[in-house]
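Novice: Sharing a structure, written as structure tokens. Questions coming.
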Amino acid sequence: MGNNGLSLAFQGNCGFADVTDENYGWLAVDVAMDGNGSLSYPQPPTQNGPDELLTIDGLALTTSSNWSLRLAGIHPVGNWDQYADRRTADDTDDDKRWPLFTVYGNADNWIQLIANCQDRSFRVIIRRSGTTLSPVDFGAEKQFWLQDAPLMVAMGYNASTSKLAIGASLGGDEVRIMGAATVPFGATLDQLRFRAPPAGGISGDGEVVEFRWLGGEIEIGGTPLNDTTLPTAFASLTFLDGPPP
């Protein structure tokens, strides 16, 4: 495997000498896929190129305005899943928690969503004004991260109360609610980074995990999503239609 593609070689051997025998051989490929790819995605440690990073700038999610955010994606095929081993910095595989994206302001203010295969849940980590809050896990009791499972994530921030509400749905399940947290951020959240907060990863800019992101929507002003409205946050998916032609 290289940065520019994949090559496959197949050769038969008689087993007694380093020569090719005259028997026929068959190679069956279960599935072969090509396309635009899934952004973002990591390079293997042996590669000479950086991770494929995806960042959306200009979100302008301030602490003085109400705002809501919705994202939709699909779990990739042939990559990590509920049962995959995840190697950590000390070369262990006991932490199966995969960072999906970070709503980012600066090093002291961000919201991170993690696929917590370890505990079969969603995990949210929030850092506000230089303080990292304890991770919060939520979701269905028997939640599994499997290929082709749709993922929906929604957030709402109330400027007058500094309350942040988060809900998510995996695999067509109902929207599970984290519950509102009081998070007076010390900076505008201006980026959507599809990776962990800075530090780590082959590029040193946050660990990257492959995922197929389909689209999203940001609304600034008005009534933000909250614990009451999050269950129906995805009753309409018109935001996936894209801009009008």
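The values are calculated or read from the model by the stated rules, or taken from the named source; none is laboratory data. Worth saying up front: this structure is predicted, and the values here are computed from it rather than measured. Glycine also receives a Cβ, built like all others from the backbone with ideal geometry; neighbour counts cover every protein chain displayed.
Novice: Can you tell me how many residues in the range 148-163 are surrounded by fewer than 23 Cβ atoms within 10 Å (Cβ to Cβ) and over 17 Å from the mean Cα position of the chain (by Cα)?
Specialist: Residues meeting the conditions: 6.
Novice: From F194, F144, F239, grab the single residue that is surrounded by fewer than 15 Cβ atoms within 10 Å (Cβ to Cβ) and closer than 16 Å to I74 by Cα.
Specialist: F144
Novice: Any idea which of A187, A168 is outside any strand (DSSP E or B) and of a type in the set (G, A, S)?
Specialist: Criteria check complete, one pass: A187.
Novice: Can I ask one more? Kindly list, by first and then second residue, each pair from a residue in the range 201-229 that is at positive phi and in a loop (DSSP other than H, G, I, E, B) to a residue that is surrounded by fewer than 17 Cβ atoms within 10 Å (Cβ to Cβ) and at pLDDT 85 or above, limited to pairs with Cβ atoms under 9 Å and residues at least 6 apart or on different chains.
Specialist: G204/P198; G206/P198; G221/S65
Novice: Could you pull out the residue among G172, G222 that is over 18 Å from Y41 (Cβ atoms) and touching a Pro at 6+ places or on another chain (Cβ under 7 Å)?
Specialist: Checking each option against the conditions leaves just G172.
Novice: Please state which one of G172, G204 is within 19 Å of the chain's Cα centre (by Cα), closer than 23 Å to W80 by Cα, at pLDDT 90 or above and exposed (fewer than 13 other Cβ atoms within 10 Å of the Cβ).
Specialist: Among G172, G204, only G172 is within 19 Å of the chain's Cα centre (by Cα), closer than 23 Å to W80 by Cα, at pLDDT 90 or above and exposed (fewer than 13 other Cβ atoms within 10 Å of the Cβ).
Novice: Can you name the condition, by its number, that T63 falls short on among (1) at pLDDT 95 or above; (2) buried (at least 18 other Cβ atoms within 10 Å of the Cβ); (3) part of a loop (DSSP other than H, G, I, E, B); (4) not aromatic (F, W, Y)?
Specialist: Exception for T63: condition (1).
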